[in-house]
Structures are given as structure tokens and as C-alpha cells.
Amino acid sequence: MRSIKKMGGGGYHLAQAHANPPQTHTQATSRWSSFGHKAAVMRSLQDEQYRLCCYSEIRPDQLGHGYHIEHVENKSQNPPRTFDYANLAASALDSSNGLGRIKQLGGAIFGGHAPGKQTSCNMARFVTCHQPDCARFFAYLSDGRIVPANDLSDVDRDRAQYTIDLLNLNAPYLITLRQSWWDELDKLYTQHQQQDWSLSHLVAIDLVPYQGALSPFFSITRQFFGPVAETVLQQQAPSLL
């Protein structure tokens, strides 16, 4: 999970709605359903996230899953934050196509639509995509799994595992995609080593935004290439650090 730096406020209409926030779950559901400017908000969210899903780091636009506007803190739990741009993110799987496609593929729902996240969220334990240090909680394995990072305190390890389980980030579908991405990185790394090609150029392809978008699984690529990745980011995309 990469940290998302909020930019702007989501537009005039969202700000107007937030100026008089809903106070109950019923009001939040009703007013959000009737809010007619979601497309403009979504464009802002996608731009600041470089098209990555806020939780899984897949590219929903490339996979045909679509996005939905995610309330990081559920609107049922904190209705006044329903129109708070600081509480919104773009998550994979839109309701019209994405959810159905995943189910057709036999996959379990993940991300903001995961059953656990939909039901309830303990914000004291949940590692959110808006935390500046959220990346430090997680590590990625060559078999495609995401796990709590090494050297975490017991409290932080619990938070990492809670977040992984809550969002179902080890759904088989995601594990398959991540393992395939890792294998491709490994193949390219070996090829570049054998041919004495520039690793920095290779890393930049996936870690530096192109036309306002990033390749999927930014955090895996960053972890895989380690110091080389950090140098490339410092030199070419310091805003992503």
C-alpha cells in the first residue's frame, strides 16, 4: 500500500455538500446516493493516485474492473465525513461491472468492497492509504502474498494483519496478479544483469509516472529493487517518496 498525498479538495460541489454534512447513517446514504458530481470527484482521486487502486495497487482501468469512490472511514460509522475529500479514495471494483467480473472469475471480493470493510472498521487498528507511513507496515513475497513487514512492534504487526484481513488483500485473484508481477520483475532483472543493461532505466519504467499514471504494484517494484528504486525515485520522482 502506497501513501496517497491529497491534492485539492475534490471540487466545488463536494465542498458545498461537506459544508452541511449529514449527521446520521440514513442521511449519509441518501445524500451520497443522490450526489450528482461523483465523476468529477473520481477524476481528482484517480489523478492523485496515478490510477492505482488505493488498497491493492492494481490498475482497475487496465483490467476492466472500474473504480468506486471509497470512504476510508465508512460513512455508516462517521456520517459527517461522507463528503470529506480527505476521507475519499479511488478503490478497485465498480458496482456496475467490476464486482460482477470478479465473481465470474471465481474471485473473492477485495478492497473497499470486501465484506469485512463494508461491515465495520476499527479505525484505531486500520492502516489507511492516507497515512504517510502506511507502506512500512507491509512486505511482499515472491509467491504473491502480502504480509506484515519484519521488525514491526506487536501493535503495528496486529494493525498490518488486521488491515490485510479486513481488505482481503490476499484474495487468490490478487495473489496471482502479484506473483505474476514479481516473476516478470525477476525475469527482467536477470536479463539486465546478464546483458549489463541499466537497472535504473528498467526501474524508472514502472516507478516514474507516465502520462499521469503508474504501473501496477508500485510497492512491490520498490521493494524488489531496493536501493536502486530509492535512488531512481529521489532523482526522477521525489514527490512519490
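The values are calculated or read from the model by the stated rules, or taken from the named source; none is laboratory data. As the structure is a computational prediction, the values presented were derived from the model and not from experiment. Please note: Cβ atoms are built from the backbone with ideal geometry, for glycine as well, and neighbour counts cover all protein chains shown. Ligands, DNA and RNA are excluded from the accessible area calculation, which covers all protein heavy atoms including side chains. Shrake-Rupley method; radii C 1.70, N 1.55, O 1.52, S 1.80 Å.
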Report summary line: Per its Cα gyration tensor (rounded if a/c is under 1.5, else prolate when a/b beats b/c, else oblate), the chain is best filed as prolate
Query raised in the report: If you take all C-alpha pairs in the range 7-55, what percent of them are over 14 Å apart?
Result: 57 percent
Query raised in the report: Which shape class applies to the range 88-203: rounded if a/c is under 1.5, otherwise prolate when a/b exceeds b/c and oblate if not, where a ≥ b ≥ c are the square roots of the Cα gyration tensor eigenvalues?
Result: oblate
Query raised in the report: Could you give the dipole magnitude of the range 5-96 about its Cα centre, charging the beta-carbon of Lys and Arg +1 and that of Asp and Glu -1, in debye to the nearest 20?
Result: 160 debye
Requested in this report: Have a look at 200, 124, 144 and report the one farthest towards the positive end of the charge dipole of the range 85-241, computed about the Cα centre with Cβ charges (Lys/Arg +1, Asp/Glu -1).
Outcome: 124
Query raised in the report: Relative contact order for the range 65-190: what is it in percent, counting Cα pairs under 8 Å that are at least 6 residues apart?
Result: 23 percent
Report summary line: Checking 151, 206, 133 against a Gaussian network model of the chain (alpha-carbon springs below 10 Å), the top fluctuating residue turns out to be 151
Query - Relative contact order of the chain, pairs being alpha-carbon contacts under 8 Å that are 6 or more residues apart, as % - result: 20 percent
Report summary line: Excluding near-sequence neighbours (fewer than 8 apart on one chain), the chain holds lysine pairs with C-alpha atoms under 18 Å apart numbering 4
Requested in this report: Please find the FRET efficiency linking residue 192 to residue 105, where r is the Cβ-Cβ separation and R0 is fixed at 35 Å, and quote it to the nearest 0.05.
Outcome: 0.60
Report task. Evaluate the distance, in nm, between pseudo-label points positioned 7 Å from the Cα of residue 235 and of residue 35 along their respective Cα→Cβ axes. Result -> 4.2 nm
Query - Mean ellipticity per residue at 222 nm, deg cm²/dmol - from DSSP H runs of n ≥ 4 across the chain, formula -39500 (n - 2.57) - result: -14000 deg cm²/dmol
Report task. Quote the charge dipole size of the chain about the Cα centre in Debye, to the nearest 20; the model charges only the Cβ of Lys and Arg (+1) and of Asp and Glu (-1). Result -> 740 debye
Report task. Provide the solvent-accessible area of residue 230, counting protein heavy atoms only and rolling a 1.4 Å probe, rounded to the nearest 10 Å². Result -> 50 Å²
Query raised in the report: In terms of the Cα gyration tensor, with a ≥ b ≥ c the square roots of its eigenvalues, is the range 1-137 rounded because a/c is under 1.5, prolate because a/b exceeds b/c, or oblate?
Result: rounded
Query raised in the report: Carbon and sulfur: what percent of the chain's accessible surface (1.4 Å probe)?
Result: 50 percent
Query - Spatial separation of Cα centroids for the range 186-241 and the range 5-76, in angstrom - result: 29 Å
**Report entry** By accessible area with a 1.4 Å probe, ligands and nucleic acids excluded, highest first: order of 33, 120, 3
**Finding:** 33, 120, 3
